[in-house]
1. Only Cα pairs within less than 10 Å get springs; with that Gaussian network setup on the chain, which residue of 44, 71, 33 has the largest fluctuation?
2. Pick from 80, 108, 11: which is most flexible by mean-square fluctuation in a GNM of the chain where alpha carbon atoms under 10 Å apart are linked?
3. Over the Cα atoms of region 93-160, how large are the radius of gyration and the largest Cα-Cα distance (Dmax), in Å?
4. Taking every Cα atom in the chain, find the radius of gyration and the maximum pairwise distance Dmax, and write them in Å.
5. Which residue, 78, 145, 45, tops the fluctuation ranking in a GNM of the chain built on C-alpha contacts under 10 Å?
6. Along the Cα-to-C-beta direction of residue 143, a point sits 7 Å from the Cα; which residues of region 90-120 have their amide N less than 18 Å from that point?
7. Order the peptides 117-123, 86-92 from the highest to the lowest mean number of other Cβ atoms within 10 Å of their residues.
8. Over all Cα pairs of region 2-84, how is the pair count split among 10 Å bins, expressed in % and running from 0 up to the last occupied bin?
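Each reported figure results from applying straightforward, stated rules to the coordinates on display, with no laboratory input. The structure presented is a predicted model; accordingly, all values stated were derived computationally and were not measured. Here the Cβ positions follow ideal geometry from the backbone for every residue, glycine too, while neighbour counts run over all protein chains shown.
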Amino acid sequence: MPAIIFEHVNFQYESQAEPTLHDINLTINAGEKVLIAGPSGSGKSTLGNLINGSIPHSIKGQVTGHIRVGKLDTQEASLFDLSLLVGTVLQDPDSQFIGLTTAEDIAFGLENDRVARPEMHQRVEQWATRLGIAAQLHQSPQELSGGQKQRDAWRVCSSMTATFSSSMNH
């Protein structure tokens, strides 16, 4: 079952004379792992921003074609609705940590959803065990290596969403 579909997508930033993306046709099925690679300026981040809804909601430009995440049209769905399906891990994960510990970062989304504390603690422990980061729950993100930070940011994101968007350049 398709999780993400791009059909004849073109995108041009308002500040640019030429489109960044040309006639993109892409289907990513649920459970697939996909690497988007290319040189600087090739459109990797643009693709991620189209998936997570930053384009057109925050970043302006001209979009043509159709993009769906699950059953949502990303051009029509709210950022909130898309955020329930898509998470973004940035190249610099330090900018994404808000808690003093990994556990606090995992709990952040649950707190925003007003999950009761006992259930929140239980769910944080469950996700940490499931994601293999239980030993890091009480560590500060600043104590982690760069690679651990990126993996933890992705894992925290994956604990809150069903589809993943990564704009890490590898």
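1. Ranking 44, 71, 33 by mean-square fluctuation puts 33 first.
2. Comparing 80, 108, 11 in a Gaussian network model of the chain, the most mobile one is 80.
3. Computed over the Cα atoms of region 93-160, radius of gyration and Dmax are 10.9, 32 Å.
4. Considering the chain through its Cα atoms, Rg and Dmax are 17.0, 54 Å.
5. Among 78, 145, 45, the largest mean-square fluctuation in the Gaussian network model of the chain belongs to 145.
6. 94, 97-107
7. Values: 117-123: 12.6, 86-92: 18.9.
Ranking the peptides 117-123, 86-92 by packing returns 86-92, 117-123.
8. Using 10 Å bins, I get a P(r) of 18, 54, 26, 2 for region 2-84.
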